[in-house]
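The values are calculated or read from the model by the stated rules, or taken from the named source; none is laboratory data. Because the structure is predicted, anything quoted here is derived from the model rather than measured. When we count neighbours, we look across all protein chains shown, and the Cβ atoms used for this are built from the backbone with ideal geometry, even at glycine.
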Amino acid sequence: MLNANINNISLTKEPKSIIIRDTNFQLEKNKIYSILGKNGSGKTTLIKALTNLLDEEEYLIDANVVYNNESILELHDNKLTQLRENKIKYVFQDALNSFDPLKTFRFYFDKISVDKNITEELIDFFLLPKLDKIIKMHSYEVSIGMAQRIAIIIALLASPEIIILDEPTSAVDVTIANLISIKLKEQAVQKKCTILIITQDILFAENVSDYTAILDNKTLAEFSPVI
């Protein structure tokens, strides 16, 4: 379970302004949560703040984020890095830049200890080229949509306790969006995983989520169940 109590997240440089304020929420296992909001509403800033990914020279975070009885924002760098690597996985909208262009995808798949058949099944499910071809490619050799799917697959295979996705359908068509929805639902139930999504895709959010909330006027509304 993750509990976030955010008083405010603000810019420290000019123009100084509060981006998020008075926001509190709790995320439970086996559930999928979606945060909806317009461009520039602060969605990406919010999810980055949860594990202290924001540049400390540019942002001031007045918040307490508790996960497994630990205050994430008070963790030392090494423990925070371990948390991000093993417990909380991000899939960012700009998936291409999430990968090192000097490394092939083999580097990322080799870091995950799972049966090759499981990896191949996911690759096939998401309508990508065969695994043997994918692992020889660099990020600059694939489209944005392919990179997005590969990043999602890697996050699923790692079986973290929390997966946070930033606009996961921004570079894919409706067919792929439906496939993403299916796999996220399976992951939440079968792996007892908490999933947090930020998106402008209302239909996707309604299809995949257990709960949704709107980020507007610098604060997040209470999560409501999807009926």
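Counting only residues that are modelled with pLDDT of 95 or more and touching a Leu at 6+ places or on another chain (Cβ under 9 Å), region 30-42 holds 5 of them. Taking into account only those residues within region 43-63 that are closer than 19 Å to Gln26 by Cβ and in contact (Cβ under 8 Å) with a residue 60 or more places away in the chain, which is nearest to the chain's Cα centre (by Cα)? Among those that are closer than 19 Å to Gln26 by Cβ and in contact (Cβ under 8 Å) with a residue 60 or more places away in the chain, it is Ile47. Run Leu102 past the list (1) at pLDDT 95 or above; (2) part of a loop (DSSP other than H, G, I, E, B); (3) closer than 22 Å to Asp166 by Cβ and report the number of the one that doesn't hold. All conditions pass for Leu102, except number (3). When Leu46, Leu53, Leu83 are screened for being of a type in the set (A, V, I, L, M), on the phi < 0 side of the Ramachandran plot and surrounded by fewer than 19 Cβ atoms within 10 Å (Cβ to Cβ), only Leu53 passes.
Identify all residues within region 139-167 that are within 13 Å of Asp94 (Cβ to Cβ), in contact (Cβ under 8 Å) with a residue 60 or more places away in the chain and of a type in the set (A, V, I, L, M); write none if there are none. Within region 139-167, Ala151, Leu165 qualify.
Is at least one residue of region 211-222 under 10 Å from Ile32 (Cβ atoms), in contact with a strand residue (DSSP E or B) (Cβ under 7 Å, 6 or more places away or on another chain) and acidic (Asp, Glu)? Within region 211-222, not a single residue is under 10 Å from Ile32 (Cβ atoms), in contact with a strand residue (DSSP E or B) (Cβ under 7 Å, 6 or more places away or on another chain) and acidic (Asp, Glu). Find the residue count for region 156-175, including only residues that are within 23 Å of Lys116 (Cβ to Cβ), surrounded by fewer than 22 Cβ atoms within 10 Å (Cβ to Cβ) and hydrophobic (A, V, I, L, M, F, W, C). The number of residues fulfilling the criteria is 2. Kindly indicate the residue of region 189-203 that is surrounded by fewer than 21 Cβ atoms within 10 Å (Cβ to Cβ) and not polar (S, T, N, Q) and also nearest to Gln93 (Cα to Cα) among those meeting that condition. For region 189-203, the residue satisfying everything is Asp201.
Applying the condition of being part of a helix (DSSP H, G or I) and of a type in the set (Lys, Arg) to region 178-227 and asking which residue is farthest from Lys31 (Cα to Cα) yields Lys183.
All of (1) more than 26 Å from Lys38 (Cβ to Cβ); (2) surrounded by fewer than 16 Cβ atoms within 10 Å (Cβ to Cβ); (3) among the aliphatic types (A, V, I, L, M); (4) more than 19 Å from the chain's Cα centre (by Cα) hold for Ile134 with one exception: (2). Within region 102-127, if we keep just the residues that are charged (D, E, K, R) and under 23 Å from Ala177 (Cα atoms), the residue that is surrounded by the most Cβ atoms within 10 Å (Cβ to Cβ) turns out to be Glu120. If you go through region 119-143 and pick out every residue that is part of a helix (DSSP H, G or I) and either under 19 Å from Ser98 (Cα atoms) or in contact with a Cys (Cβ under 9 Å, 6 or more places away or on another chain) (or both), you end up with 5.
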